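Accompanying notes for the structure given below.
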């Protein structure tokens, strides 16, 4: 959003913002032009916006704050509270912008697209996968209608995430690869996460092909290279691109490939870079460790990791993660039905 301090340099920023809006097909209001009194249209004419055609900067800033709060709740606290926050925001948007047209409608739709992306992930975590896909499809449709590169990239990225949860790996890879040209027009946070997603989706389809395995790993390495450059400024997509998540997913891919020493090396990098406030990353890391131990038939270590993950999952109420714990536990039980650590995990799961 445009800050008051930007007023000082407004004359030089105006042409640049209009140019960006044209080149990247971004609605002008999303570049902070909503508080600037002059608009330049494609025919070179200039007109002055009115309150009937554009929402105030204060109005859009309030939705930005609510969106940021919702994502913070999702990442660090409670999926339920995040869902309540999104419900409130969508209801307010539809009420406040009822009957909106032109630029004001674009403002509403761009904001709805971003809330729909978050709500889709919330529904995915609740195992409501069909509803999750419906919201993500709406987000993708809005993004393409607005012709906004960053909205397109983030919507395709998150739809690929849902498709992976549905085990639709071919479709997920299509979305991940389709997002990359738009991601290359976006800022580094989103660009890095899109390359990370391409690595994950490709990994599920690599199987025994060394060429496809290396292609998957190259996407992960590209994402890590972007992160290591530093200066990952927030870009409004609310993706969290960091070495921990990249190396967790890289380790999962290496485990699928049967390259176990490399997988453990990747998990070590992930653990070293783990931020303590990101509880979801901790769960994901523990699950990845469990899968690696399971691939090596180390049932005790696998179950210890699952027990630690279960304690966190129960605390923050993530049924989708508990479902994944249950899946790995069932494999452990089939391999070692009398294992005492597995029995301890079983007792906790039934509690």
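One table, with the values for the structure above:
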item: Neighbour-count order for 197, 60, 260, fewest beta carbons within 10 angstrom listed first; result: 260, 60, 197
item: Ratio Rg/Rh, restricted to the stretch 203-256 and using Cα atoms, in which Rh is the Kirkwood radius; result: 1.05
item: Alpha-carbon spread of the stretch 260-305, three principal axes, descending order, Å; result: 31, 21, 10
item: Neighbour-count ranking [beta-carbon atoms within 10 angstrom, fewest first] of 210, 145, 191; result: 210, 145, 191
item: Sequence of 194, 303, 332 once ranked by neighbouring C-beta atoms within 10 Å, starting from the fewest; result: 332, 303, 194
item: Euclidean distance between Cα centres, the stretch 304-351 to the stretch 230-286, Å; result: 21 Å
item: At 0.890 mPa s and 25 °C, Stokes D of the stretch 92-156 from Kirkwood alpha-carbon radius, µm² per second; result: 204 µm²/s
item: Isotropic mean projected area of the C-alpha convex hull, the stretch 49-173 (nm²); result: 7.8 nm²
item: Prolate/oblate/rounded call for the stretch 280-351, Cα gyration tensor, a/c under 1.5 rounded; result: oblate
item: Relative compactness, the stretch 152-284, computed as alpha-carbon Rg over 2.2 N^0.38 Å; result: 0.97
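Read-outs: derived from the displayed coordinates by stated rules, not from any lab. Here the structure is a predicted model, which means the values were calculated and not measured. Neighbour counts are summed over all protein chains in view; Cβ atoms, including those assigned to glycine, are modelled from backbone coordinates with ideal geometry.
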